[in-house]
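Report on the following structure.
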Amino acid sequence: MTPAERERLLVQILDALSTRTMASLESRAEQAQAHAEQAQARAQQAQARAEAAMAGLREALLAALAMRGIPCPDEPRARLLACQDPATLQRWLLRAMSARSLDEVLAG
């Protein structure tokens, strides 16, 4: 085998290895992308469930107030609807079950 033939063979081998390596890297990149997209979809679903739970707490609180005949004027209603803390909403809901006024519900 002449040096030129050896060089051509070596180039062909390197090209073949390079093609396989690139295909493998592309496959891994596609898998990583799919995994990232799945993780993002799960995070979005969890966020949607959390938002739905918060909306449910707000609705339950307003329903409890209405059921007990405790008026909820616009300003406190806006505060209630704007609350983003589930612990606070839960606390208010529990208080609404026995409170005699809106001030008792929203205190502290």
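Looking only at trypsin sites (Lys or Arg not before Pro) in DSSP loops with at most 15 other Cβ atoms within 10 Å, what is the longest site-free stretch of the chain?
On the way: sites that count: ARG68, ARG100.
By the stated rule (loop sites, at most 15 other Cβ atoms within 10 Å), 1-67.
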> Out of these labelled values of Rg/Rh (Cα atoms, Kirkwood Rh), (i) 1.08; (ii) 1.65; (iii) 1.00, which was calculated from the coordinates shown here?
Replying inline: (ii)
>> Under the 0.36 nm per residue contour assumption, what length would be gained going from the current alpha-carbon distance of LEU94 and MET67 to full extension?
In response: 8.4 nm
> Per-residue HN-Hα couplings for the stretch 92-100, Karplus 6.51 cos²θ - 1.76 cosθ + 1.60 at θ = phi - 60°, whole Hz, x for Gly and Pro?
Replying inline: 4, 4, 4, 5, 5, 5, 10, 5, 9
> Between the stretch 6-41 and the stretch 42-101, how many Å separate their Cα centres?
Replying inline: 52
> How far is helix 3-67 tilted, in degrees, relative to the longest principal axis of the Cα atoms in the chain, given as a value from 0 to 90 rounded to the nearest 10?
Replying inline: 10
> Under the definition of Cα pairs under 8 Å and six or more residues apart, what whole-number percent is the relative contact order of the chain?
Replying inline: 22
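Every read-out reported here was derived from the displayed coordinates using simple, explicitly stated rules and does not represent laboratory data. A quick note: this is a predicted structure, and the numbers were derived from the prediction, not measured. For neighbour counting, all protein chains shown are included, and Cβ atoms are generated from backbone atoms with ideal geometry for every residue, glycine included.
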